[in-house]
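Step one of this worksheet: look at the structure below.
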2 protein chains.
Amino acid sequence: MDSTASLWEKFQKYLVAYEDLEFSLDISRMRFADDFLARMKPEADRAFREMAELETGAIANADEQRMVGHYWLRNPQLAPNQEIRADIEKTNARIRQFASDVHSGSIAPASGKKFAHILLIGIGGSALGPQFVADALGSAKDPSNIFFFDNTDPDGFDRVFEKIGDGIATTLVVVISKSGGTKETRNGMLEAQARFETAGLNFGKHAVAVTGPGSELDKFAAQHNWLARFPMHDWVGGRTSVMSAVGLVPAALLGFAIDDFLAGAATMDAHTRAPEVRKNAAMLLALMWYHAGNGRGEKDMVILPYKDRLALFSRYLQQLVMESLGKEKDRDGKIVHQGIAVYGNKGSTDQHAYVQQLRDGVPNFFVTFIEVAKDRSGPAFDVEEGITSGDYLHGFLRGTRAALYEKDRESITISIPEVNAFQIGSLIALYERAVGFYGSLVNVNAYHQPGVEAGKKAATRLLELQSRVRQALPQAPGQTSEQLAQAVNASAEDVFHVLRHLVANDHAVGSDSNVRPSQEKFFLR
Amino acid sequence: MDSTASLWEKFQKYLVAYEDLEFSLDISRMRFADDFLARMKPEADRAFREMAELETGAIANADEQRMVGHYWLRNPQLAPNQEIRADIEKTNARIRQFASDVHSGSIAPASGKKFAHILLIGIGGSALGPQFVADALGSAKDPSNIFFFDNTDPDGFDRVFEKIGDGIATTLVVVISKSGGTKETRNGMLEAQARFETAGLNFGKHAVAVTGPGSELDKFAAQHNWLARFPMHDWVGGRTSVMSAVGLVPAALLGFAIDDFLAGAATMDAHTRAPEVRKNAAMLLALMWYHAGNGRGEKDMVILPYKDRLALFSRYLQQLVMESLGKEKDRDGKIVHQGIAVYGNKGSTDQHAYVQQLRDGVPNFFVTFIEVAKDRSGPAFDVEEGITSGDYLHGFLRGTRAALYEKDRESITISIPEVNAFQIGSLIALYERAVGFYGSLVNVNAYHQPGVEAGKKAATRLLELQSRVRQALPQAPGQTSEQLAQAVNASAEDVFHVLRHLVANDHAVGSDSNVRPSQEKFFLR
């Protein structure tokens, strides 16, 4: 066990503190070897070079032959050409104006009242950023509240509209899809549109699109005279789109300080662009991930912010980290099965859920503690003499960190002064760059997602099968799934599941509910 | 790769279906060896025996010398003595009556209106069950909505009260703590009490306690004439308390069918009590976990319910699984570092977040898909001709399952007919028993949590240190943390962090904000 004196020394030796951000990164509880940073210098230098190329407009996503430009969104000066730069500035100006018009009521629903609710329809990168930011920065004083359709669950749609209730008349719908063809989002939009029509409202007068110019969604929105369309360019990836219109439109509508949000990110970018390992928080983060999991993702990343407002950060990072780094092949085509699993909610809450396992159980993780220095905006309240709830929160963070370290469980500690738009911007920028660096360190392409298509294609095949099976269904007493499978030339198991789903949801399809799958007969009523 | 025919055969061979529950468990996508179940029979039989002893009142938690009786809560006939049986029945009757009185308005706040909001104050097992159940079963038509204090974050408290707003006058506070001494809950209660007093309301007339008879909280509630006190007995563990007053009080207040909830659990218990591996869904689950992680937790458990209402199930399971199984020593005292990490949110949403890594990346997990047969209560809506949003949801589940299996990623599929109180009860009961069985299989005590104390103790030491350091603080120009550490005989690092926290939150404490920790001077203003 290290002495407290040597830990204090290690803390100071490796501490990265950015005064303007009141940010610090403490890696003293990671047990890396003394020469680790020096040993990793060549890889780190390569990562710095690759990032510099990316930032100047290199084709980083070779698969899709596109640039990766999320860093330009908060510093348009960096954009590789005048066109992109002007586009960012123009889009952001239009977003500010649009939000201002909505807030003032000059853009308003037919009722004449102001828009008071937002329904955001999007999934993955088109929802996780807005959800995290809305939860982190939201307050009861915001000009609007926000609801999400982030799935294709019919009951989920019903439930949101039940919550919105009569508020539908003052609901602004923001539909977000880069490709404009994401089925979950398309389904949510169609369901929402039907609801508005049933309520006698003109959907287009309540709708805004954020999508790739020229996409299906873009055309649909133009054709139906939606209130506005904002672009999502091919040089912005879904998981790094929160500072494009994807994140800025909802944030501005919610009344958040989007310029602070961008400035926070730009400030963090400036610090973490400098190619000096020991002063670069993003590189140190990436190197600590590398150290923890031997560069092979052997340890899960547990994210524990001690602040309720940051509870969704881990969900945001699940996409950013896992979709970026979870790759089968490295950039040379070698099979590597990379990635880092991410989970966590918040402290001290999670201490009462699974810190038992973290301290005593399977040592397959490292923790990132996130400390927020400021306890609350209002006056302090003592729960004991001279002790506040916030003192407890801080005590639990430090106590848990110590208890884990004592048992050889490693952790990183990030400190930020408070949760505001500036800080959230900087935190996101930190992780975006750390993920990019880590991709270079382990030699994977962090900017594509080749593995997501197979499931979608298999789903499409199943839906086609469903239509064919339904058409092939005879009257009672019906046929077994094996018989029907032969008729439509498909697997009996797929046919069985499709039929069970129809029986549960399509009143015209029945079965004799035999408990043995191979015996159950399906029929049209 | 297996042929579709052999998969159809395997599906049927191992399918467990409970007709009365319309439940099924499909383990055809787990690649266990043909003789695996036979090989594990001795361990499975031991687990059955141990569970039978537990259910008849054996001292299962040897550490704390107590029985483990959550199975009695839904079937009081099984309780080992008349006293416990009568207590369960009486408590449940009192809960029904209390909720009925609140709903009718015969128990009402001073304003004369009915209670319309619940504020539940609890953490860990005193919050995760109620949160999961409220989110799974809640609707806009419920007699009340619910807010949670599940942490000791001052800003989190402020934020909830900001949302409640004027509703405070019709808010019923349910304070839940088994020991009655959990600091987060105590702090939340004190903060809430102060809010009520500031609003000119008598807190006791708005408050209910669920706690161990005779606990600090129980005494406090009695002394201040709270509306009601419900018992939480020592034979109920926090993580299996959702069918005690802990879960039933909020569920009944929200208007949920608590008798259905208990009946669903009792029905699943009856099926999974039978000591026959091939027909026992809980045992098969436990065995599949064992198979997946070699009985050493080598694979993370990814929980993917394809239903918005089940999005919190993984958080609930994080505690149930990780706190139960994450143990340093086995029951013979051997160091084993057991446990299974749990994460996940919902499908198809998570497909757009991290299925990229699941399919292509580090193969350190197995998935549990949860299918809900019924898409929605209302009429179907076609998003394409003859295709609904729910057909897509089902297609994505099957498609993702196939895409993962193709790449050798294993999965379990659970199907339930719909999300209602009965089904949620049965799902919880299934996992409670599976966790108990797995504990036996790997020979750990699933009913204690020895690892959670160290962090709390370290936190207490830090709070004591904070008081001492604050008292030792000199006037400006102040002293460094090293100097102060010497004065109070503590580690300079701890002193530094305590002081930084004070500077951020205690207006009387200042520093010269030197960026070098060892140079920064702290003082009393």
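The values are calculated or read from the model by the stated rules, or taken from the named source; none is laboratory data. These numbers were taken from a predicted model, which means no experiment stands behind them. No Cβ is skipped: glycine too gets one built from the backbone with ideal geometry, and neighbour counts run over all protein chains shown. Protein only, heavy atoms only, side chains kept; ligands, DNA and RNA dropped before computing areas. Shrake-Rupley method; radii C 1.70, N 1.55, O 1.52, S 1.80 Å.
Over the range A:315-456, the pair-distance histogram of Cα-Cα distances with 10 Å bins from zero comes to 10, 31, 31, 20, 6, 2, 0 percent, rounded to whole numbers.
Here B:Lys114 is the anchor, and the lysines within straight C-alpha reach of less than 17 Å, apart from those fewer than 8 places off in the same chain, are B:Lys141, B:Lys205.
For the range A:465-470, backbone phi angles converted through the Karplus equation (6.51, -1.76, 1.60; θ = phi - 60°) give residue-by-residue couplings of 4, 4, 5, 5, 5, 4 Hz, Gly and Pro being listed as x. All distinct Cα pairs of the range A:130-213 go into the 1/r average, and the inverse of that average, the Kirkwood radius, is 13.7 Å. Sorted from longest to shortest, the spans of the Cα atoms of the range B:348-393 along the three principal axes equal 41, 19, 14 Å.
Once you list every other residue whose beta carbon is under 13 Å from the beta carbon of B:Gln519, what net charge do they have if Lys and Arg are +1 and Asp and Glu are -1? Net of charged neighbours comes to -1.
If the protein assembly as shown were replaced by its equivalent ellipsoid, with semi-axes equal to the square roots of 5 times the Cα gyration tensor eigenvalues, what would those be, largest first, whole Å? Write down the numbers at each step before the final one.
Values: eigenvalues 328, 275, 192 Å².
Over the Cα atoms of the protein assembly as shown, the semi-axes work out to 40, 37, 31 Å.
Measuring with a 1.4 angstrom probe and ignoring ligands and nucleic acids, B:Glu22 comes out at about 120 Å² accessible.
Between amide H atoms placed 1.01 Å from N, distances below 5 Å from B:Gly361 occur with no residue 5 or more places distant or on a separate chain. For the chain pair B and A, buried accessible area totals roughly 11200 Å², probe 1.4 Å, rounded to the nearest 100. Both radii come from the Cα set of the range B:439-512: Rg as radius of gyration, Rh as Kirkwood radius; their ratio Rg/Rh reads 1.27. Label-point spacing at A:Asp330 relative to the other copies reads 3.7 nm, in ascending order, each point sitting 7 Å out from Cα along Cα→Cβ. In summary, the lysines within cross-link reach of A:Lys90, defined as a Cα separation below 19 angstrom excluding same-chain residues under 8 places away, comprise A:Lys178. In terms of Cα atoms, the Rg and Dmax of the range B:1-132 work out to 22.9, 69 Å. Starting from the coordinates of the alpha-carbon atoms of the range A:129-168, obtain the Kirkwood hydrodynamic radius over all distinct pairs and give the value in Å to one decimal. Over the range A:129-168, the inverse of the mean reciprocal pair distance is 11.5 Å.
Tell me which of A:Phe366, A:Phe147, A:Gly188 sits at the most positive position along the dipole axis of chain A, charges placed on C-beta atoms (Lys, Arg +1; Asp, Glu -1). Working it through, the farthest residue towards the positive pole turns out to be A:Gly188. For A:Lys10, a cut-off of 27 angstrom between C-alpha atoms picks up these lysines, skipping any fewer than 8 places away in its own chain: A:Lys41, A:Lys279, A:Lys299, A:Lys307, A:Lys346, A:Lys374, A:Lys407, B:Lys456, B:Lys457, B:Lys521.
For chain A, report the convex hull volume of the alpha-carbon atoms normalised per residue, in Å³, without decimals. Don't skip to the answer; put the middle values down first.
Numbers: hull volume 100.6 nm³, N = 525.
Spread over its residues, the Cα hull of chain A gives 192 Å³ apiece.
Restricting the trypsin sites (Lys or Arg not before Pro) of the range B:300-369 to loop positions (DSSP other than H, G, I, E, B) with no more than 12 neighbouring Cβ atoms within 10 Å leaves B:Lys334. Computed from Cα positions, the angle between helix A:41-55 and the longest principal axis of chain A comes to roughly 50 degrees. Residue-level result for chain A: its Cβ closest to the axis carrying A onto B, with that distance in Å, is A:Tyr343, 2.
Over the C-alpha trace of the range A:378-525, radius of gyration and Dmax come out as 28.8, 78 angstrom. Taking a ≥ b ≥ c as the square roots of the eigenvalues of the alpha carbon gyration tensor, the range A:1-54 is oblate, as a/c is not under 1.5 and a/b does not beat b/c. Placing +1 on the Cβ of every Lys and Arg and -1 on the Cβ of every Asp and Glu, with nothing else charged, gives the range A:362-494 a dipole about its Cα centre of roughly 640 debye.
For B:Gln77, the point set 7 Å out from Cα toward Cβ sits 7.8 nm from its twins in the other copies, listed from shortest up. A:Phe381 sits with roughly 60 Å² accessible to a 1.4 Å probe, with DNA, RNA and ligands left out of the calculation.
Averaging sequence separations of C-alpha pairs under 8 Å and six or more residues apart, then dividing by the length of chain A, give the relative contact order as a whole percent. Can you show the working numbers first?
Working: 915 pairs, mean separation 84.8, N = 525.
In percent, rounded to a whole number, it is 16.
When the Cα positions of A:Thr267, A:Val208, A:Ser24 are compared along the charge dipole of chain A, A:Val208 comes out farthest toward the positive end, with charges on each C-beta of Lys, Arg, Asp and Glu. With the simple model of a label 7 Å out from the Cα in the direction of the Cβ, A:Glu162 to A:Asp142 spans 2.3 nm.
What the phi angles of the range A:411-427 give under the Karplus curve with 6.51, -1.76 and 1.60, with θ = phi - 60°, is a coupling list of 8, 10, 10, 9, 10, 10, x, 6, 9, 9, 4, 4, 5, 5, x, 5, 5 Hz, glycine and proline written as x. Amide H contacts of A:Ser411: A:Arg29, A:Met30, A:Val367, each under 5 Å away and 5 or more positions distant or on a separate chain (H built 1.01 Å from N in the peptide plane; Pro and chain starts excluded).
For the range A:370-446, what does the alpha-carbon gyration tensor say about shape, rounded, prolate or oblate, given a ≥ b ≥ c as the root eigenvalues, a/c under 1.5 as rounded, and a/b over b/c as prolate?
oblate
Put simply, the range A:226-300 fits an ellipsoid with semi-axes of 32, 17, 11 Å; these come from the alpha carbon gyration tensor as the roots of five times its eigenvalues, largest first. At what distance in angstrom do the alpha carbon centres of the range B:418-480 and the range A:389-428 lie from each other? What the calculation gives is 16 Å, centre to centre. Sorted from greatest to least, the principal axis extents spanned by the alpha carbons of the range A:173-292 come out as 61, 28, 25 Å.
What is the percent carbon and sulfur in the accessible area of chain B, measuring with a 1.4 Å probe over the protein chains and ignoring ligands?
Numbers: 8780 of 18330 Å².
Here it works out to 48 percent.
Dividing the radius of gyration of the alpha carbons in the range B:163-212 by their Kirkwood radius gives 0.98 for Rg/Rh. Distance distribution P(r), the range A:251-403, all Cα-Cα pairs, bin width 10 angstrom from 0: 9, 28, 36, 21, 5, 1, 0 percent. With its label point defined 7 Å out from Cα along the Cα-to-Cβ axis, A:Glu406 lies at 5.0 nm from the matching points of the other copies, in increasing order. Given a 1.4 Å probe and the protein chains as shown, B:Trp8 ends up with an accessible area of around 20 Å². Put simply, the amide H of A:Phe149, placed in the peptide plane, has neighbours under 5 Å in A:Leu120, A:Ile121, A:Gly122, leaving out anything fewer than 5 places away on its chain.
Scalar couplings 3J(HN,Hα) for the range A:481-494, obtained by applying the Karplus form with A = 6.51, B = -1.76, C = 1.60 to θ = phi - 60°, are 5, 5, 5, 5, 4, 5, 4, 9, 6, 9, 6, 4, 5, 4 Hz; x denotes Gly and Pro.
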